[in-house]
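These notes concern the structure reproduced below.
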Amino acid sequence: EQSWLVEDWIPEGVITIAGRPKIGKSLMALDLALSIANGGYFLNRQCKQAKVLFFALEDTPNRIQSRLKRFDAKANQNIGFKFEFKYRPENLTLLEEVIQDNKINLVVIDTFSRFFPGADQNDHIQMVDALGNISNLAQDMNISLLMIDHHRKQQLGYSNDPIEDLFGSTG
C-alpha cells in the first residue's frame, strides 16, 4: 500500500519539482517541508507529521532564517538544515545513517545540480547512476526524497520536452 506524506501528492520515493529559475521552487519546497514537519496542511492537503532533512545548498543560514520569518515559522526538532553536501557513493552511506539515526521521512535536495556537482545532466550514464542510487536509497529506506532543479537556462535553449529540458538526458 502506498504511503503518503501529503495526501495523494507526496508519496514515498523520489519526487522532482522543476521549473525556470527564480519562480519560487525553493520557497514552495520550504513551505512543504514546514507543513510536514508541523503536521499541517500544504495546498489544502493534510500532511503526515514527519521529520525533515532539508539540503539548502543554494542558501545560507541567514537566508533560511529570513525565509522562515516570511512563513512566520521557526525551525523545530522535526526539521534540520544542511548547507553543504557533495554526492559521492561513499557519502550515500553517511546520508543513510543520518536518515536512520534521526528517523527522517522527507529529504529535500535544493538543488539537484549542487547535490551532484560536476555531473553532466546530458550524460545518460551519469544520470542513471546518480538518480538510480538516490532512488534506491529512498525506496530502501521508505522515505520521500524531493529534488529541486532548474530547467535549462535560456542561453542553452529550451526544449519542448519537459523531461529533456530538465535533465538533458531522458535516461
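The values are calculated or read from the model by the stated rules, or taken from the named source; none is laboratory data. These numbers were taken from a predicted model, which means no experiment stands behind them. In this analysis, Cβ positions are derived from the backbone assuming ideal geometry, glycine residues included, and neighbour counts consider all displayed protein chains. With ligands, DNA and RNA removed, areas are computed over all heavy atoms of the protein, side chains included. Shrake-Rupley method; radii C 1.70, N 1.55, O 1.52, S 1.80 Å.
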* Backbone N within region 110-129 under 14 Å of label point (7 Å from K86 Cα along the Cβ vector) -> 114-119
* Structure fact -> Expressed in square angstrom to the nearest 10, the accessible area of S113 with a 1.4 Å probe stands at 60
* Structure fact -> Here the gain from full extension of E58 to Q139, 0.36 nm per residue of separation minus their alpha-carbon distance, amounts to 26.6 nm
* To do: List the longest stretch of the chain that has no exposed loop site; here a site is one of the trypsin sites (Lys or Arg not before Pro) assigned by DSSP to anything other than H, G, I, E or B, with at most 12 other Cβ within 10 Å.
  => 23-73
* Structure fact -> Residue ranges of DSSP H helices in the chain that stretch 18 Å or more (Cα, own long axis) and have mean Kyte-Doolittle hydropathy of at least -1.0 are 25-38, 89-102, 124-141
* To do: In a Gaussian network model over the chain where Cα atoms closer than 10 Å are linked, find which of F115, F85, F71 has the largest mean-square fluctuation.
  => F71
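Calculate for the chain the 222 nm mean residue ellipticity that helices alone would give, adding -39,500 (n - 2.57) per DSSP H run of length 4 or more and normalising by residue count, nearest 500 deg cm²/dmol.
Result for the chain, helices only: -11500 deg cm²/dmol.
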* If you place +1 on the Cβ of every Lys and Arg and -1 on the Cβ of every Asp and Glu, how big does the dipole about the Cα centre of region 38-98 come out, in debye to the nearest 20? -> 340
* Structure fact -> Surpassing 25 Å at the alpha-carbon level, of the pairs K22/K103; K22/K82; K82/K103, are K22/K103
